[in-house]
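See below for the structure under consideration.
The values are calculated or read from the model by the stated rules, or taken from the named source; none is laboratory data. The structure displayed is predicted, hence computed values, not measured ones. Here the Cβ positions follow ideal geometry from the backbone for every residue, glycine too, while neighbour counts run over all protein chains shown. Calculation scope for accessible area: heavy atoms of the full protein, side chains included, ligands and nucleic acids excluded. Shrake-Rupley method; radii C 1.70, N 1.55, O 1.52, S 1.80 Å.
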Amino acid sequence: MIRASVTAVCLALLLSCSCWAKPNGSKNKKPKQVVPAIECDVRAGKINLPEFIVKCPAHCKETKQQVYGTSVFASISSICNAAIHSGVITNSGGKVIVRKMAGQNSYKGSNSFGVRSLSLSKWRESFVVSVGKPKKGVIYPSTLDYVPSRPTYVKTSQKDKSHAVTTALPTTAAPEPTTMIPEPTTTATTTPAPTTTTTTTTPPPPPTTAKSRAAVHKVRDAGLRRPEAGSAIRRQPSSPVGPAFNRVQPAPPERTPTMSQSNPAFPRRDWAPPSFPRPDWFPGARRPADVSYAVPDSGYTWSETDTPESSARDHRPDISEFERWFYNFGPYLPRSPDSDGSRKAALDTTHTRVEPVDAWKPDANLYESGFSVREQEPVPRAPEPVSQGDPNCKVDLVFLMDGSWSIGKRRFKIQKDFLAEVAQTINVGVAGPMMGIIQYGDDPVTEISLKSHSTSRDVKSSIDKIVQKGGLSNVGKALSYINKQYFSDANGNRGGAPNVAVVLVDGWPTDKVEEASRLARESGINIFFVTIEGPDDNEKHQLVEANFVDKAVCRTNGFYSLPVSSWFGLRKAVQPLVKRVCDTDKLMCSKTCLNANDIAFVIDGSSSVGTGNFRTVLQFVANVTREFEISDTDTRVGAVQYTYEQRLEFNFGQYNNKAELLNAIKRINYWSGGTSTGAAITYTAEQLFSKSKPNKRKIMIVITDGRSYDDVRAPSLAIHRQGVITYSIGIAWAAQDELEYIATDPDKEHSFFVDEFDNLFKFVPKIINNICQEFNSQPRN
């Protein structure tokens, strides 16, 4: 019998253990990743997490939320549009993993997947985006911690105020209990009405919810006193001279006068004390709404009694002169607006009750003995909006100011005033124009770099501090300096903005400017000349270089030169000059041989090429492409592969990032087949150059290794008439006559032949040089 019972007990224990180890007989499931959704305008800097996952909605591209940078973005960028720009998601939305990084000094702008990112010189925080597929075992936060835009304060509603100050009371005249009810110690507790110390026929008052931070502002149970009996704990009566604080003691149940018995000249008045204007620093009675601002008390707590407020002082004819003085000019005088903020006054105890918490020391300083003294919190001010600049004038602008001795101190001051007014007019900002200054004399010196200041006010302040250097007027040396050193990424050149240089010269330069200007123009710098008091006919024989303005400016059509007859008329040139430098469509020198082309590669994919040689051809295409500035607004590249048939590998503008474009070239698959070069040229004209932009130079590079099965003359003549500059590159068995038909005249500069595929790389620099020489030889009028 005993053995059977023991066996049953063991079996029950075994079953309970197995059920506890595997509830419901199933394995524990892994926690599921919850992905919080965000809007299109949420920026990475607004989320206070180092790494997180979010879900973007659809159609964020249409919102045109700004993005700064490429691959690595500034934290003021829209998360969703940055993800679309990087190709992580499409315009239909999706999940994105965001990882924060340190700030950078240069964010490059680009156009990718239909989203245009802007350049930014510097920002304090960066982030990168990746596909929203967490790694195995990684769980990201399911909620996002947003950074508050301004300080937040805990505020209580009017309803809470009334609950904290007044409480429903029993209406019977039962004597008050003397036993103190313990204070609540939590921020949200209910105090039940006392039932053991009073005898009453009325129902108990409803429970009162204590306000938050009860340790700061303690509210006693109002059920311990009658509303007409005043405070449950009585103070020592105050004297007319000023309030005095003695040790508190329980009040008797009967009603007693508030004035001192030893001073019968002032009988008790039954009206409520008038309300007086109180100074900002007065530390007396606090309203319950002040709870969230108060500092923790260490001795006494203060709360208002339930006294009605009067809007004006009560002049009563039946009181004595001393009482009238006491009410009007008593413990707290009205404070004048211009009074000293550090003035102290005695604490008012007329409208407050004091409850003992700790032992009170009579000789202690009131401001150090535990009173909850609250000084008025300053109202948080919203930061002044910082201008991002005029987006219609996005240029990198540098002024070359004349610091030679010939100009004199007075004219140098006029020149500084002119530059300050220009800075104010163009509205400097990271999304608009950035402005720098170089002072030249014997040698150029950078006074303000492009990345020094991002507001017009800061630029004006720096201009005021510039000191004249002296020397000659070596403008040519200054132009060489801006070409080689000033317009660099280290100095804040943004790349996506046109480079503009405005030369201010008193009279004429003391060195030659032609060669330095030519190199600057070929680098994409738009040069303007403002000549003040230029040479007249009698002074032209003194010039180092005749017609120096026409030799220096970007174009000789008068748009880039601005003569001023007198220094005192220089101010009138501000508006015309700003209008010209901000007209980016007319800044012709911004277009260089490397950023103003539509280039189409026509690649032979016939069977005679072979797989290995085809990869060599693709490497040649990539090497040529790498030399150009690739973006939607700069050079664009397309590719066609042909055999008997033709195939469009990618169109102009399909890849607007150089890295993406080079990867697309590597991914082209070898086709294999016959050789119909003439049909491929016609196909390229229809599929690519028909969609070319009007302000782009059209360039076609044909690569073939044999004679074409069809005619190439008629298609070549047709594409030449469309203004397409054609280069032909023949390999091994290519026909020389066909290469000359295909190439643009002169044939020797546009047609090339190599014996082996491995020698293709030798023609890369020659092709680039020919393209740039033709571009730079265009007329400048």
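Just for strands (runs of 3 or more DSSP E) wholly inside the stretch 35-146: which have at least 3 residues that are at negative phi, touching a residue at least 24 places away in the same chain (Cβ under 8 Å) and of a type outside the set (Gly, Ala, Ser)? Outline the logic, then answer.
Numbers: elements: 51-56, 72-74, 94-102, 110-112, 115-117, 125-131.
By residue number, 51-56, 94-102, 125-131.
Give the residue that is surrounded by the most Cβ atoms within 10 Å (Cβ to Cβ), with candidates limited to residues of the stretch 398-416 that are over 11 Å from Ile438 (Cα atoms) and under 37 Å from the mean Cα position of the chain (by Cα).
Within the stretch 398-416, the first condition is being over 11 Å from Ile438 (Cα atoms), and the residues that meet it are 404-416.
Filter once more, so that each one left must be under 37 Å from the mean Cα position of the chain (by Cα): 413-416.
On the way: Lys413: 12, Ile414: 16, Gln415: 25, Lys416: 18.
Of everything passing the filter in the stretch 398-416, Gln415 is surrounded by the most Cβ atoms within 10 Å (Cβ to Cβ).
Conditions tested, residue by residue: (1) open to solvent by 50 Å² or more (accessible area, probe 1.4 Å); (2) of a type in the set (Lys, Arg); (3) modelled with pLDDT under 95.
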{"residue": "Ser728", "(1), (2), (3)": "no, no, no"}
{"residue": "Gln736", "(1), (2), (3)": "yes, no, yes"}
{"residue": "Glu749", "(1), (2), (3)": "yes, no, yes"}
{"residue": "Phe757", "(1), (2), (3)": "no, no, yes"}
{"residue": "Leu760", "(1), (2), (3)": "no, no, yes"}
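Please verify whether Val640 is under 44 Å from the mean Cα position of the chain (by Cα) and closer than 23 Å to Lys691 by Cβ, treating the condition exactly as stated.
Details: under 44 Å from the mean Cα position of the chain (by Cα): yes; closer than 23 Å to Lys691 by Cβ: yes.
For Val640, the condition - under 44 Å from the mean Cα position of the chain (by Cα) and closer than 23 Å to Lys691 by Cβ - is met.
Quick check on the stretch 701-716. Is at least one of its residues touching a Pro at 6+ places or on another chain (Cβ under 7 Å) and open to solvent by 20 Å² or more (accessible area, probe 1.4 Å)?
Quick first cut of the stretch 701-716, residues touching a Pro at 6+ places or on another chain (Cβ under 7 Å) only: none.
Checked the stretch 701-716: no residue is touching a Pro at 6+ places or on another chain (Cβ under 7 Å) and open to solvent by 20 Å² or more (accessible area, probe 1.4 Å).
Given the condition modelled with pLDDT under 95 and under 27 Å from Lys748 (Cβ atoms), answer yes or no: does some residue in the stretch 631-652 qualify?
Checking the stretch 631-652: at least one residue is modelled with pLDDT under 95 and under 27 Å from Lys748 (Cβ atoms).
When the residues of the stretch 114-131 are filtered to those that are at pLDDT 85 or above and over 23 Å from Pro433 (Cβ atoms), which remaining residue is farthest from the chain's Cα centre (by Cα)?
Val131
Is at least one residue of the stretch 73-96 within 24 Å of Ser488 (Cβ to Cβ) and of a type outside the set (Lys, Arg)? Show your work before the answer.
Taking the stretch 73-96 and keeping what is within 24 Å of Ser488 (Cβ to Cβ), we get 73-74.
Still in the running and of a type outside the set (Lys, Arg): 73-74.
Taking every residue of the stretch 73-96 in turn, at least one turns out to be within 24 Å of Ser488 (Cβ to Cβ) and of a type outside the set (Lys, Arg).
Report whether or not Val544 is in contact (Cβ under 8 Å) with a residue 12 or more places away in the chain and under 21 Å from Lys394 (Cα atoms). Break it down stepwise before answering.
Values: in contact (Cβ under 8 Å) with a residue 12 or more places away in the chain: yes; under 21 Å from Lys394 (Cα atoms): no.
The answer is no for Val544.
In the stretch 719-746, which residue that is under 51 Å from the mean Cα position of the chain (by Cα) and assigned to a helix (DSSP H, G or I) is farthest from Val609 (Cα to Cα)?
Taking the stretch 719-746 as the starting set, the residues that turn out to be under 51 Å from the mean Cα position of the chain (by Cα) are 719-729, 743-744.
Still in the running and assigned to a helix (DSSP H, G or I): 719-721.
Details: Ile719: 26, His720: 27, Arg721: 31 Å.
By that ranking, first place goes to Arg721.
Under the condition of being within 30 Å of His453 (Cβ to Cβ) and among the charged types (D, E, K, R), which residue from the stretch 64-123 is surrounded by the most Cβ atoms within 10 Å (Cβ to Cβ)?
Ranking the candidates gives Lys108 first.
Just checking, how many residues over the stretch 664-678 are among the basic types (Lys, Arg) and without any contact (Cβ under 8 Å) to a residue 12 or more places away in the chain?
Matching residues across the stretch 664-678 total 1.
Can you name the residue in the stretch 685-700 that is among the polar types (S, T, N, Q) and part of a helix (DSSP H, G or I) and is also nearest to Asn776 (Cα to Cα) among such residues? So that I can check it myself, show each step before the final result.
We begin by selecting, within the stretch 685-700, every residue among the polar types (S, T, N, Q); these are 687, 690, 692, 695.
Okay, now just the ones that are also part of a helix (DSSP H, G or I), so 687, 690.
Working: Gln687: 29, Ser690: 25 Å.
Once the filter is applied, the top-ranked residue is Ser690.
Which of the residues belonging to the stretch 701-718 are in a loop (DSSP other than H, G, I, E, B) and farther than 25 Å from Thr616 by Cβ? If you could, list the steps in order and put the result at the bottom.
Keep residues of the stretch 701-718 that are in a loop (DSSP other than H, G, I, E, B), which gives 705-712.
Hits for the stretch 701-718 are Asp710, Asp711.
Filtering the stretch 713-734 down to residues that are among the aliphatic types (A, V, I, L, M) and in contact with a strand residue (DSSP E or B) (Cβ under 9 Å, 6 or more places away or on another chain), which residue is farthest from Ala596 (Cα to Cα)? Steps first, answer last, please.
Taking the stretch 713-734 first, the residues among the aliphatic types (A, V, I, L, M) are 714, 717-719, 724-725, 729, 731-732, 734.
After this cut, where a residue has to be in contact with a strand residue (DSSP E or B) (Cβ under 9 Å, 6 or more places away or on another chain) as well, the list is 719, 724-725, 729, 731-732, 734.
Details: Ile719: 19, Val724: 14, Ile725: 13, Ile729: 22, Ile731: 29, Ala732: 32, Ala734: 31 Å.
Within the stretch 713-734, the match that is farthest from Ala596 (Cα to Cα) is Ala732.
Which of the residues spanning the stretch 40-62 are more than 24 Å from Gly137 (Cα to Cα) and surrounded by fewer than 14 Cβ atoms within 10 Å (Cβ to Cβ)?
His59, Glu62
Residues being assigned to a loop (DSSP other than H, G, I, E, B) and either of a type outside the set (Ser, Thr, Tyr) or within 11 Å of Ser404 (Cα to Cα) (or both): count how many of those fall in the stretch 437-466. Full working, then the answer.
Filtering the stretch 437-466 for residues assigned to a loop (DSSP other than H, G, I, E, B) gives 441-443, 449-455, 465-466.
So of that shortlist, the ones also either of a type outside the set (Ser, Thr, Tyr) or within 11 Å of Ser404 (Cα to Cα) (or both) come out as 441-443, 450-451, 453, 465-466.
Summing the residues that are assigned to a loop (DSSP other than H, G, I, E, B) and either of a type outside the set (Ser, Thr, Tyr) or within 11 Å of Ser404 (Cα to Cα) (or both) in the stretch 437-466 gives 8.
Can you list residue pairs whose Cβ atoms sit under 7 Å apart, with the first residue in the stretch 613-626 being in contact (Cβ under 8 Å) with a residue 60 or more places away in the chain and the second being of a type in the set (Asp, Glu) and assigned to a helix (DSSP H, G or I)? Count only pairs 6 or more apart in sequence or on different chains.
Thr616/Asp758
From the list Ala679, Ala685, Ala664, pick out the single residue that is out of contact with any His (no Cβ under 8 Å at 6 or more places or on another chain), farther than 30 Å from Arg116 by Cα and surrounded by 14 or more Cβ atoms within 10 Å (Cβ to Cβ). Let's see the steps before the verdict.
Numbers: Ala685 fails: farther than 30 Å from Arg116 by Cα; Ala664 fails: farther than 30 Å from Arg116 by Cα.
Within the list Ala679, Ala685, Ala664, the selection yields Ala679.
Does Lys469 satisfy the condition of being of a type in the set (Lys, Arg), assigned to a loop (DSSP other than H, G, I, E, B) and open to solvent by 10 Å² or more (accessible area, probe 1.4 Å)? Steps first, answer last, please.
Values: of a type in the set (Lys, Arg): yes; assigned to a loop (DSSP other than H, G, I, E, B): yes; open to solvent by 10 Å² or more (accessible area, probe 1.4 Å): yes.
So Lys469 passes the test.
If a residue must be β-branched (Val, Ile, Thr) and either touching a Gly at 6+ places or on another chain (Cβ under 7 Å) or not in a helix (DSSP H, G or I) (or both), how many such residues does the stretch 645-684 contain? Don't jump to the end; show me each part of the working.
Initial filter on the stretch 645-684 (β-branched (Val, Ile, Thr)): 665, 668, 675, 677, 681-682, 684.
Add one more test, that the residue is either touching a Gly at 6+ places or on another chain (Cβ under 7 Å) or not in a helix (DSSP H, G or I) (or both), and what stays is 668, 675.
Within the stretch 645-684, residues that are β-branched (Val, Ile, Thr) and either touching a Gly at 6+ places or on another chain (Cβ under 7 Å) or not in a helix (DSSP H, G or I) (or both) number 2.
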